[in-house]
1. What residue, among those in the stretch 246-272 that are among the basic types (Lys, Arg) and either within 20 Å of Ile85 (Cβ to Cβ) or in a strand (DSSP E or B) (or both), is nearest to the chain's Cα centre (by Cα)?
2. What about Leu42, is it open to solvent by less than 60 Å² (accessible area, probe 1.4 Å) and in contact (Cβ under 8 Å) with a residue 24 or more places away in the chain?
3. Let me confirm something: among Val193, Val178, Val187, Val217, which residue is crowded, with 21+ Cβ neighbours inside 10 Å, of a type in the set (A, V, I, L, M, F, W, C), at negative phi and not in a helix (DSSP H, G or I)?
4. Which one is most open to solvent (accessible area, probe 1.4 Å) among residues in the stretch 159-175 that are outside any loop (DSSP other than H, G, I, E, B) and of a type in the set (A, V, I, L, M, F, W, C)?
5. What's the total number of residues in the stretch 222-245 that are part of a loop (DSSP other than H, G, I, E, B), among the β-branched types (Val, Ile, Thr) and under 19 Å from the mean Cα position of the chain (by Cα)?
6. Please enumerate the residues belonging to the stretch 65-95 that are out of contact with any strand residue (DSSP E or B) (no Cβ under 7 Å at 6 or more places or on another chain), farther than 20 Å from Asp40 by Cα, surrounded by fewer than 20 Cβ atoms within 10 Å (Cβ to Cβ) and not acidic (Asp, Glu).
7. So, in the stretch 96-145, how many residues would count as being assigned to a helix (DSSP H, G or I) and either surrounded by 14 or more Cβ atoms within 10 Å (Cβ to Cβ) or under 20 Å from the mean Cα position of the chain (by Cα) (or both)?
8. Please state which one of Pro255, Pro245, Pro231 is free of Cβ contacts under 8 Å to residues at least 60 places away in the same chain and either open to solvent by 40 Å² or more (accessible area, probe 1.4 Å) or charged (D, E, K, R) (or both).
Amino acid sequence: MRQLFPVTDQTPAAESSRAAGPAAGDDPAEHAADTEWSLDRLADAYAYPPGGGPWLRANMVSSLDGAGHHEGRSQPLSSDTDMRIFGTLRALADVVVVGAETVRLEGYRPARARAGFAERRMAAGQGPAPVIAVVTASLDLDFALPLFTSPLVPTLILTGAAADPDRVREAERAGCEVVVAGDGVGVEPRRAVSALAGRGLPRMLTEGGPRLLGQFVAAGVLDELCLTVSPTLTAGDAQRIASGPAVKVPQRFAPTSVLEDAGFLYTRYRRI
């Protein structure tokens, strides 16, 4: 994997050697392995800002023609490196915030503890794995799924004060903690961020879907976007990575890093 931005003046000797091509007798597999970043290097590159305040980052993937998924799922647009970064971002987060529709379509499972990040999480005062927080107005979820029956840490349900009380009780019987983050049936993005931070979960990661990300964008609470640009074309009518009402004035974000591997671009942008 190569770092394209920020540009550095120094090019490691190994990179120069690879650029010139393998020498006679070299093993191409060894050169390929040299380009893979370690988990520690990825974790350092994607570390949350210091200070401990609430920080909401999104991690999404898009095709070259703007599709946020293919036939309802993000996996066809992804890659092995993309999934390593996906796992790293999860391992750095206190909480993963996801919409109910994405839970249903992607078959969400509980976050798992990863040995490679255990010491880092312990040093940061984090539990063994991030909490999964599901944003839902209807609570129309299958509470028999492993996400609710066997999580390493209890799953949170973010909903509104006017949510169906029978569904709320069903979620609580399944072992979920129901967090009210809105006066109506739905969730208000700013209240969701405040509620999670108030529970000691300031390092937030959302994985969408497009409707939830659109709500965060419209509310002006998204701090950072990690966007994988997949070198694929899908055509069709798939949603973009964010959908919903347009903001009055487009929000400006500044690039902080761009990595490249096998044609995939791994970009990061922060709100200006």
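1. For the stretch 246-272, the residue satisfying everything is Arg268.
2. So Leu42 passes the test.
3. Every option except Val187 fails the conditions.
4. Among residues in the stretch 159-175 that are outside any loop (DSSP other than H, G, I, E, B) and of a type in the set (A, V, I, L, M, F, W, C), the one most open to solvent (accessible area, probe 1.4 Å) is Val168.
5. 1
6. Gly66, His70, Gly72, Arg73, Gln75
7. Going through the stretch 96-145 one residue at a time, the tally reaches 13.
8. Pro245
The values are calculated or read from the model by the stated rules, or taken from the named source; none is laboratory data. What you are looking at is a predicted structure, and each value in this text was computed from that prediction instead of being measured. Neighbour counts run over all protein chains shown; Cβ positions are idealised from the backbone, glycine included. Heads up: the accessible areas ignore ligands, DNA and RNA and are worked out on the full protein's heavy atoms, side chains in. Shrake-Rupley method; radii C 1.70, N 1.55, O 1.52, S 1.80 Å.
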